[in-house]
Every structure is written in C-alpha cells, then in structure tokens.
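Worksheet: the structure to be examined is printed underneath.
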Amino acid sequence: MSNPLQAPEKHKLIPRIEWNARNVYGDETSLYFRLSRELIGDGKLLVLASNIPPNQPAPNLFFSAVHYLLMKPENAQHPLRQFFPDLAPEANTRDDPYPVFRKFCLTHYNEMAKLLRTRSVQVNEIGRCSYFLPAFQVLSRQLGGAAFIAIEVGASAGLNLFWDRYAYSYGNGNLYGDPASDIVLTCELRGNARPPLDSTLPPVSMRFGIDLDPRDVLNEDAMLWLRALVYPEQIERARRLEKAIALAQHHPPLVIAGNALEAVPRALDAIAPQTPVLLFHSFVLNQFSDRDRARYFAMLGELSAGRRLFDLALEPSDWPALMTLTRYKNGVATEQPLAICDHLGRWLEWLASENVTSDVTSD
C-alpha cells in the first residue's frame, strides 16, 4: 500500500524534522530528539503533520500539540505522561516512548489535526528581558534620562511588558530590576565587555504591545497552549512562565491586535512627536516575508520624520541571535550592535562601546 502522504509534502517535512533534531533538540530536549528520529519514518504521523501550515515550525508545533493535550485533565492518567519530565515526578527515560506516543497521536488524530491547522508556535519568552534591560539602559543614557514609550511588536501575551517587575541576576552578586520579585531571571555574561547595569530602572511613561493574534492572559486555554510550547525538560523555565502569567493576570497588559505594518503607524499618530518611542521585538521579523520585512524598515524611516524613534531588535543572525539598537531620524537609520545572545535569555555577550553609543546619540 502506497504512502498516502504525497512525496513533495513528505520531502518538505522530513528535512525540517531532521534539522530540529540535529540543531535544537539534541541540546534542549532529549525526549523530542528521540521522538523525531522515529517520526521521520512514520508515514501515518507524517500525514497528520501535513496539516501544519508552511509558515509554522513543524516539529515544534507537532510536539507542542501532544504536550498540550497531555496537560488536559482528561489525559491526567495517560501512560504517555510518564515520559515527560514536567508531567511525571520521575520521568521514564529507560523505555522507548515512541509506541505510546504514536498510539496517542492516532487516538487523538482529529484533535491533533485541528490544533496543527489552527495553532501557532508563538512563545512569550520572558528570559529575553535579561537582554532588554541593559538595552533599555543604553537608550535611557542616550535620551539623557528622559522617559520613553515602549511598544513591543509581536508581544504575544504581553509578558515582556512587565520587564521591570522581574529580578535579574548577571552573576556579580547583585539583583537588578525589581529585587523583591519572586521571578528571577538569571543570565550569564560572556566575553570581556560588560553591559550597563544600574539599580535605577529606565523611565517608561507608557507601554503596550502589538500582535497579529494576541494571547489573552485571562484565557486559561490560551495560557495552557503557551505553557505547552515549553520543552518538557525545561521545568524551571515552565515555572517561571507560570509565575509571569499569574503576575499578568492581576494586571492584564494592553496588547493591540493588528498587523504591525498598520498598527504601528496608527499608534504613533496618537503619540506626541516630542515623546521618544522605542519599538522592541524578539524573534519576530524572521516570521515576516522578505517583502514585509523590507516594508517594516522603510516604514520606520518614514515615521521618523520629526520624531525620536528607536528600534530594538533581537533577531536570528549568523550568531544565535544579534541584538541591535537603531535610531531613526528623518529617514536615516543608525544601527548599533549591542550583544549576541541565545534565544532563551541564558547568556549574552556584550558588544557595544561608548564610542558607538555617542555616535548614535549625536544630533
């Protein structure tokens, strides 16, 4: 009997799964690594995976859908949970999880197919705030301590908007941000340069997010999906996320629904031109088409006429991620590389120098 998955579709899925297994899962999640090796040869489950839209990271979405269903109350006793370190007191690392995994997927085939068609890998990684904090300090110095408005593009549930409600440890014995917070973000500093860290937080006069499909922190199902996107082995990361969600539920953030190319100009129309505005985003522009990415940068140039406009970008590059701060003035962009970082807030290597900073601030 022939494989019902058409060859072109199959060939598109398999390399994506193999790439994740080789470049991501091997270091991050041994469970997904083991499952990936058998998934690439499973015709029936590859047919199921073909429900994933081409603009979504197929392996992460597939495994997150399983993770999500396992966290549902009706699956609290399912034998597959024993292989997930965050769902079992002592995870089973001895036995082969794939037969149980496969049976679960086939039993929940219709639920899985719907999730794969309608959900997205839209994380809200608060660990990245460890990078934003020193970057905000750089901007604050450039502005001479003047307050600025912070707008996160691709804000998801808006958890990064609470960056000043978290505590930060950079390995020097001090806590920055809010030292009294029970959400402590730990970040290793690499290299010789050190980022600007100050006990005084940069002044932000207003903050809000923009997202094509915002996640409502008061929607339990939406938050369960957000939780399911965390790899099973990353238990501390999951606990940190849950605490951040609880904080946000007491003070729901403002996240405006809309395409950034349309929502950003509308937002700036309501802001006085003399007020400095910072747009910041992390792992967002890589989800734009080449055309829309070019339109985004062109838009910032146009919007900078008579306005102090800055763009803080933490986006994939030849390094794990490159963080840059760009000032737009009357259509001219001046970019300042700040740091290279990993994608979860675990380490950063500071690049910026005072000379570059002063060039950016010159009028």
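The values are calculated or read from the model by the stated rules, or taken from the named source; none is laboratory data. Computed from a predicted model, the values in this text were never measured in an experiment. Cβ: placed from backbone, ideal geometry, glycine included. Neighbour counts: every protein chain shown.
Taking the residues in the stretch 45-73 that are β-branched (Val, Ile, Thr) and not in a loop (DSSP other than H, G, I, E, B) as candidates, determine which candidate is surrounded by the fewest Cβ atoms within 10 Å (Cβ to Cβ). Before the answer, list the steps.
First, the residues of the stretch 45-73 that are β-branched (Val, Ile, Thr): 47, 52, 66.
Add one more test, that the residue is not in a loop (DSSP other than H, G, I, E, B), and what stays is 47, 66.
Working: Val47: 18, Val66: 21.
Taking the candidates together, the pick is Val47.
Which condition does Ser120 not pass, out of (1) within 18 Å of Arg237 (Cα to Cα); (2) at pLDDT below 95, if it passes all the others?
If we test Ser120 against (1) within 18 Å of Arg237 (Cα to Cα); (2) at pLDDT below 95, just (1) comes out false.
A quick yes/no check of all residues on (1) among the aliphatic types (A, V, I, L, M); (2) more than 28 Å from Met223 (Cβ to Cβ); (3) touching a Leu at 6+ places or on another chain (Cβ under 6 Å):
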{"site": "Glu18", "(1), (2), (3)": "no, yes, no"}
{"site": "Ser36", "(1), (2), (3)": "no, no, no"}
{"site": "Phe63", "(1), (2), (3)": "no, no, no"}
{"site": "Ala76", "(1), (2), (3)": "yes, no, no"}
{"site": "Asp86", "(1), (2), (3)": "no, no, no"}
{"site": "Leu115", "(1), (2), (3)": "yes, no, no"}
{"site": "Ser120", "(1), (2), (3)": "no, no, no"}
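Within the stretch 92-108, is even one residue part of a helix (DSSP H, G or I) and polar (S, T, N, Q)? First the steps, then the outcome.
Keep residues of the stretch 92-108 that are part of a helix (DSSP H, G or I), which gives 98-107.
This time we only want the ones that are polar (S, T, N, Q), so: 107.
The answer is yes; a qualifying residue exists.
So which residues in the stretch 273-287 are modelled with pLDDT of 95 or more and hydrophobic (A, V, I, L, M, F, W, C), if there are any at all?
Result: Val277, Leu278, Leu279, Phe280.
Just one of (1) surrounded by fewer than 18 Cβ atoms within 10 Å (Cβ to Cβ); (2) modelled with pLDDT of 95 or more; (3) in contact with a strand residue (DSSP E or B) (Cβ under 9 Å, 6 or more places away or on another chain) trips up Ala270, so point out which.
Condition not satisfied by Ala270: (3).
Specify the residue that is nearest to Ala155 (Cα to Cα); the eligible residues are those in the stretch 196-255 that are aromatic (Phe, Trp, Tyr) and surrounded by 19 or more Cβ atoms within 10 Å (Cβ to Cβ). Break it down stepwise before answering.
Step one: filter the stretch 196-255 for residues aromatic (Phe, Trp, Tyr), giving 208, 225, 231.
This time we only want the ones that are surrounded by 19 or more Cβ atoms within 10 Å (Cβ to Cβ), so: 225, 231.
Details: Trp225: 16, Tyr231: 20 Å.
The qualifying residue nearest to Ala155 (Cα to Cα) is Trp225.
What do you reckon, is Ser282 buried (at least 20 other Cβ atoms within 10 Å of the Cβ), touching a residue at least 40 places away in the same chain (Cβ under 8 Å), in contact with a strand residue (DSSP E or B) (Cβ under 9 Å, 6 or more places away or on another chain) and of a type in the set (S, T, N, Q)?
Considered against the rule, which asks whether it is buried (at least 20 other Cβ atoms within 10 Å of the Cβ), touching a residue at least 40 places away in the same chain (Cβ under 8 Å), in contact with a strand residue (DSSP E or B) (Cβ under 9 Å, 6 or more places away or on another chain) and of a type in the set (S, T, N, Q), Ser282 comes out as yes.
Run Pro337 past the list (1) free of Cβ contacts under 8 Å to residues at least 24 places away in the same chain; (2) farther than 22 Å from Tyr131 by Cα and report the number of the one that doesn't hold.
(2)
Would you confirm whether or not the stretch 324-343 contains a residue that is hydrophobic (A, V, I, L, M, F, W, C), in the same structural domain as Gly145 (by TED's automatic domain parsing) and assigned to a loop (DSSP other than H, G, I, E, B)? Before you say what the answer is, go through the steps one by one.
We begin by selecting, within the stretch 324-343, every residue hydrophobic (A, V, I, L, M, F, W, C); these are 325, 332-333, 338-341.
If we keep only those that are in the same structural domain as Gly145 (by TED's automatic domain parsing) too, we end up with 325, 332-333, 338-341.
Retained after the next criterion (residues that are assigned to a loop (DSSP other than H, G, I, E, B)): none.
Scanning the stretch 324-343 turns up no residue that is hydrophobic (A, V, I, L, M, F, W, C), in the same structural domain as Gly145 (by TED's automatic domain parsing) and assigned to a loop (DSSP other than H, G, I, E, B).
Would it be correct to say that Arg190 is among the basic types (Lys, Arg) and touching a Ser or Thr at 6+ places or on another chain (Cβ under 8 Å)? Before the answer, list the steps.
Values: among the basic types (Lys, Arg): yes; touching a Ser or Thr at 6+ places or on another chain (Cβ under 8 Å): no.
Taking the combined requirement at face value, the residue does not satisfy it.
So in the stretch 243-268, with the set limited to residues that are free of Cβ contacts under 8 Å to residues at least 24 places away in the same chain and more than 15 Å from Phe208 (Cα to Cα), which one is nearest to the chain's Cα centre (by Cα)?
Restricting to residues being free of Cβ contacts under 8 Å to residues at least 24 places away in the same chain and more than 15 Å from Phe208 (Cα to Cα), the top hit is Ala246.
Quick check: anything in the stretch 22-30 of a type in the set (A, V, I, L, M, F, W, C), modelled with pLDDT under 95, surrounded by fewer than 20 Cβ atoms within 10 Å (Cβ to Cβ) and not in a loop (DSSP other than H, G, I, E, B)? Quick ask: steps written out before the conclusion?
We begin by selecting, within the stretch 22-30, every residue of a type in the set (A, V, I, L, M, F, W, C); these are 24.
Subset that is modelled with pLDDT under 95: 24.
Those still in the list that are surrounded by fewer than 20 Cβ atoms within 10 Å (Cβ to Cβ) too: 24.
Filter again for not in a loop (DSSP other than H, G, I, E, B), leaving 24.
Yes, there is a match, as at least one residue in the stretch 22-30 is of a type in the set (A, V, I, L, M, F, W, C), modelled with pLDDT under 95, surrounded by fewer than 20 Cβ atoms within 10 Å (Cβ to Cβ) and not in a loop (DSSP other than H, G, I, E, B).
Under the condition of being polar (S, T, N, Q) and surrounded by 14 or more Cβ atoms within 10 Å (Cβ to Cβ), which residue from the stretch 289-344 is farthest from Phe148 (Cα to Cα)? Give the derivation first.
Just the residues of the stretch 289-344 that are polar (S, T, N, Q), to begin with: 289, 304, 317, 324, 326, 330, 334, 336.
This time we only want the ones that are surrounded by 14 or more Cβ atoms within 10 Å (Cβ to Cβ), so: 304, 317, 324, 326, 334, 336.
On the way: Ser304: 15, Ser317: 28, Thr324: 18, Thr326: 15, Thr334: 19, Gln336: 18 Å.
Checking each candidate, the answer is Ser317.
Take the stretch 31-41 and flag every residue that is surrounded by 17 or more Cβ atoms within 10 Å (Cβ to Cβ) and in a loop (DSSP other than H, G, I, E, B).
Filtering the stretch 31-41 down to residues surrounded by 17 or more Cβ atoms within 10 Å (Cβ to Cβ) leaves 31-32, 34-36, 39-40.
The one that is surrounded by 17 or more Cβ atoms within 10 Å (Cβ to Cβ) and in a loop (DSSP other than H, G, I, E, B): Ile40.
Has the stretch 176-183 got at least one residue that is assigned by TED's automatic domain parsing to the domain that holds Ala267 and at pLDDT below 95?
First, the residues of the stretch 176-183 that are assigned by TED's automatic domain parsing to the domain that holds Ala267: 176-183.
Restricting the remaining residues to those that are at pLDDT below 95 gives none.
No: zero hits.
Can you run down the residue pairs with Cβ atoms below 6 Å, 6 or more apart or on separate chains, where the first is in the stretch 94-107 and under 13 Å from Pro79 (Cα atoms) and of a type outside the set (Asp, Glu) and the partner is modelled with pLDDT of 95 or more and surrounded by fewer than 17 Cβ atoms within 10 Å (Cβ to Cβ)?
Partner pairs satisfying both residue conditions: Tyr98/Glu38; Val100/Pro79.
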